[in-house]
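Novice: Below is a structure I'd like to ask you about.
The values are calculated or read from the model by the stated rules, or taken from the named source; none is laboratory data. Model, not experiment: these values are computed from the prediction. Cβ sites come from the backbone with ideal geometry, for glycine too, and all protein chains shown count toward neighbours. Quick note on the areas: whole protein, heavy atoms, side chains included, nothing else; ligands and nucleic acids left out. Shrake-Rupley method; radii C 1.70, N 1.55, O 1.52, S 1.80 Å.
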Amino acid sequence: MKRLMSAVLFTAVAIVGITVSVAATVDSDLATLRKAPLNKEPAPPPMSKTLNTDIIPARSYPMQPPLIPHKIDNYQVDIKANKCMSCHARSRVADTQATMISVTHFMDRDGNFLAELSPRRYFCQQCHVTQSDAKLLVDTDFTDLDSLIGQEP
């Protein structure tokens, strides 16, 4: 019984200690991306605009999925339809002048070619994303691969 009481008392003291430290942390000036105390709900930032240039951006590293250079608002991509294929399918690129999807999108996991788009590659936005004019949340010194190769050691 003494051990149980000791354990309960220890747990209660630990919880009080955690609560006090959290309260102290909330009140202090934290350097967070929220730019607001943790116990306040700040106003959300305005939505950034999707770039709609139709200019294909350069890739930053090998094997990077191409970026989407246009808006895709209200595009239906689900089990019933894939709006992307109305322009990017092999049969449509001559009419639309859109880039045809890669032949890798017609391969199964074993490397066998399929007659139709692979179910593994059907949901385009799991790899391909649009670009926006959003400001960076944190500074970065990212350098693309071509720039790194061009630098002298």
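Novice: Taking the stated definitions as given, is Phe113 aromatic (Phe, Trp, Tyr), open to solvent by 50 Å² or more (accessible area, probe 1.4 Å) and under 18 Å from the mean Cα position of the chain (by Cα)?
Specialist: No: the conditions fail for Phe113.
Novice: Among the residues of segment 108-131, count how many are farther than 20 Å from Gln76 by Cα and touching a residue at least 12 places away in the same chain (Cβ under 8 Å).
Specialist: 1
Novice: Then there's this: How many residues, within segment 98-145, are of a type in the set (Ser, Thr, Tyr) and within 23 Å of Asp54 (Cβ to Cβ)?
Specialist: Residues meeting the conditions: 4.
Novice: What residue, among those in segment 136-148 that are touching a residue at least 60 places away in the same chain (Cβ under 8 Å) and farther than 22 Å from Pro66 by Cβ, is least open to solvent (accessible area, probe 1.4 Å)? Step through it out loud before you land on a result.
Specialist: Step one: list which residues in segment 136-148 are touching a residue at least 60 places away in the same chain (Cβ under 8 Å), which gives 137-138, 142, 144-145.
Narrowing the set further to residues that are farther than 22 Å from Pro66 by Cβ leaves 137-138.
Values: Leu137: 133, Val138: 88 Å².
So, considering only residues that are touching a residue at least 60 places away in the same chain (Cβ under 8 Å) and farther than 22 Å from Pro66 by Cβ, the one least open to solvent (accessible area, probe 1.4 Å) is Val138.
Novice: Select, from Thr104, Thr130, the only residue that is open to solvent by 50 Å² or more (accessible area, probe 1.4 Å) and of a type in the set (Ser, Thr, Tyr).
Specialist: Values: Thr130 fails: open to solvent by 50 Å² or more (accessible area, probe 1.4 Å).
That would be Thr104, the only listed residue that is open to solvent by 50 Å² or more (accessible area, probe 1.4 Å) and of a type in the set (Ser, Thr, Tyr).
Novice: Follow-up question, since we're still on this one. Does Ser60 qualify as being open to solvent by less than 60 Å² (accessible area, probe 1.4 Å), touching a helix residue (DSSP H, G or I) at 6+ places or on another chain (Cβ under 9 Å) and in a helix (DSSP H, G or I)? I'd like the intermediate steps shown before the answer.
Specialist: On the way: open to solvent by less than 60 Å² (accessible area, probe 1.4 Å): yes; touching a helix residue (DSSP H, G or I) at 6+ places or on another chain (Cβ under 9 Å): yes; in a helix (DSSP H, G or I): no.
In short, no.
Novice: Return the pair list, or none, for Cβ contacts closer than 6 Å from residues in segment 83-104 that are part of a helix (DSSP H, G or I) to residues that are among the hydrophobic types (A, V, I, L, M, F, W, C), at least 6 apart or on different chains.
Specialist: Close Cβ pairs satisfying both conditions: Cys87/Ala98; His88/Ala98; His88/Ile101; Val93/Met100; Thr96/Cys87.
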